[in-house]
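Presented below is the structure to which this report refers.
Readers should treat all values here as calculations from the given coordinates under stated rules, not as data from a laboratory. These numbers come from a predicted model, not from an experiment. Ideal geometry is used to build each Cβ from the backbone, glycine not excepted, and the neighbour counts take in all protein chains shown.
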Amino acid sequence: MVINILNPGRNGVADWMIQRASAVILGLYSIFMVAYLLFNPDLDYAAWSGLFSHIWMKVFTLLALLSVAAHAWVGLWIVATDYIKPAAIRFGALLFVILALFVFVVWGVQVIWGV
Amino acid sequence: MSTLQVSVYRYNPENDDAPWMQDFQIDTQGRDLMVLNVLQMIKEQDSSLVYRASCREGVCGSDGMNMNGKNGLSCVTPLSEVVKNNRLVLRPLPGLPVIRDLIIDMSLFYKQYERIQPYLQNDERPPSIERLQSPEDRDKLDGLYECILCACCSTSCPSFWWNPDKFVGPAGLLQAYRFLADSRDTHTQERLSELDDPFSVFRCRGIMNCVNVCPKGLNPTRAIGKIREMLVRNTA
């Protein structure tokens, strides 16, 4: 039931590709962030908010945020269907996950565009 | 020191409330016997112990069991390969219901095998003699057709433990790829469309327990990777 209700119209190939694509985006974002922090050891508020004032940085960050949500949703759906056997508890857990991810995305958008 | 300490999983649902372990002292006279030989010696001591075995040479796949924590065929597993500190613990293959002692109910395993339609399907008119295949195409079936369905791989796979009703499992998927890779089979599309849900193939997380235990040295993980590649190509 959970498959049908919380996973509308999805198949294994799409899940698998979402997982890989979002992992690549998150990998690139992580490498960028680590490199940026290494090249800017004396980082201050002005430089940090300057970085996030660029539109490309906002898009890149939003992409990373959406990748976190997609990656977490696919991954936790798999973990839940493996380990939580009672359907009602699984449904509750997955509902909590998707609500949390939704809140993170909306909140994150506000943070990114609030700079 | 030639007396081997053997501990065997016993469970007879007609008499036992719960499974228990029975200990035996087996005099191997210093010989490197196969585990199946030890079971035969145990059966002389206690004839109520039951297990499956038939060809006793690793061809029929009947005597898959868990020996000191690792799945394998007892008939082709020498004591020197599994015994540690002169102790041998024998349990049924994990993850499937136990019928009695070392005998498991393999219905779900066979159901998954049946699901992948393990037979050649070809809509073209059969030629007068036989469907020919080039030696190169025949080579693609090596490492796939040798499977004897002993279930050592699928019952060592956590994904199969958690979802034996939905995940085909390494044994079934190895056979699924055996027919996907066969140049004489024309039902590739239909076969792939039966496998593209989130469970049948994609529950494989590539931990390779199947490769680790296969008594025939086959590689189900590689076959699953090939199926996944075919599915992705088919969609993208």
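Given their separation in residues at 0.36 nm each and the Cα-Cα distance between them, B:GLU194 and B:ASP142 gain 16.3 nm when the chain is fully extended. Taken about its Cα centre, the protein assembly as shown carries a charge dipole of about 440 debye when Lys and Arg each add +1 at the Cβ and Asp and Glu each add -1 at the Cβ.
Here the contact order of chain A, divided by its residue count and restricted to Cα pairs under 8 Å and six or more residues apart, works out to 37 percent.
With respect to chain B, whose longest principal axis is taken over its alpha-carbon atoms, helix B:169-180 is tilted by about 30°.
Each peptide in B:21-34, A:39-52 receives the mean, over its residues, of other Cβ atoms within 10 Å, and ordering these scores from highest gives B:21-34, A:39-52.
Take the Cβ atoms of B:ASP123 and A:ALA72, set R0 to 41 Å, and the FRET efficiency comes out at 0.40.
Along each principal axis, taking the top coordinate minus the bottom one, the Cα set of the protein assembly as shown gives 83, 61, 42 Å in descending order.
With a 10 Å cut-off around each Cβ of B:196-208, the average count of Cβ atoms from other chains is 4. In this rough spin-label picture, where each label sits 7 Å from Cα along the Cβ direction, the B:GLN25-A:LEU51 distance is 7.2 nm. Neighbours of B:LYS166 by Cβ distance under 12 Å: Lys/Arg scored +1, Asp/Glu scored -1, total 0. Between the Cα long axis of helix B:35-45 and the first principal axis of chain B there is an angle of about 40°, rounded to the nearest 10.
Counting only Cα atoms, I'd like the Rg/Rh figure for region B:107-235, Kirkwood definition for Rh. Mind showing how you got there, number by number?
Details: Rg = 14.5 Å, Rh = 15.0 Å.
That ratio is 0.97, to two decimals.
Taking every C-alpha pair closer than 8 Å and separated by at least 6 residues, the mean separation divided by the residue count of region B:10-105 gives a relative contact order of 29 percent. Here r is the Cβ-Cβ distance between B:ARG115 and B:VAL50 and R0 is 30 Å; the resulting FRET efficiency, rounded to 0.05, is 0.55.
For region B:134-150, putting each phi into the Karplus relation 6.51 cos²θ - 1.76 cosθ + 1.60 with θ = phi - 60° gives couplings of 6, x, 5, 5, 5, 4, 5, 8, 5, x, 10, 6, 6, 4, 10, 6, 7 Hz, in residue order, rounded to whole numbers and with x for Gly and Pro.
Calculate for the protein assembly as shown the 222 nm mean residue ellipticity that helices alone would give, adding -39,500 (n - 2.57) per DSSP H run of length 4 or more and normalising by residue count, nearest 500 deg cm²/dmol. Could the numbers behind the result be given before it?
On the way: 14 runs with 169 residues, N = 351.
For the protein assembly as shown, the value works out to -15000 deg cm²/dmol.
Across all directions, the shadow cast by the convex hull of region B:56-96 built on its C-alpha atoms averages 2.9 square nanometres. With R₀ set to 35 Å, the beta-carbon distance separating A:PHE32 from B:THR235 gives a calculated FRET efficiency near 0.75. For peptide A:52-59, the mean count of partner chain Cβ atoms within 10 Å of a residue's Cβ comes to 0. Restricted to Cα atoms, chain B shows a radius of gyration and a Dmax of 20.2, 66 angstrom.
Output the relative contact order of region B:107-235, whole-number percent, from Cα pairs under 8 angstrom with separation of 6+ residues.
On the way: 152 pairs, mean separation 41.4, N = 129.
Reported relative contact order: 32 percent.
Computed over the alpha-carbon pairs of region B:81-179, the distance histogram in 5 Å steps reads 2, 11, 17, 17, 15, 12, 10, 7, 5, 3, 1, 1, 0 percent, short to long. Close Lys pairs in the protein assembly as shown, defined as Cα atoms under 26 Å apart and 8 or more places apart or on different chains, number 18.
Rg to Rh ratio, chain A, alpha-carbon atoms and Kirkwood radius? Numbers along the way, then the final one.
Details: Rg = 17.2 Å, Rh = 16.1 Å.
We get a ratio of 1.07 for chain A.
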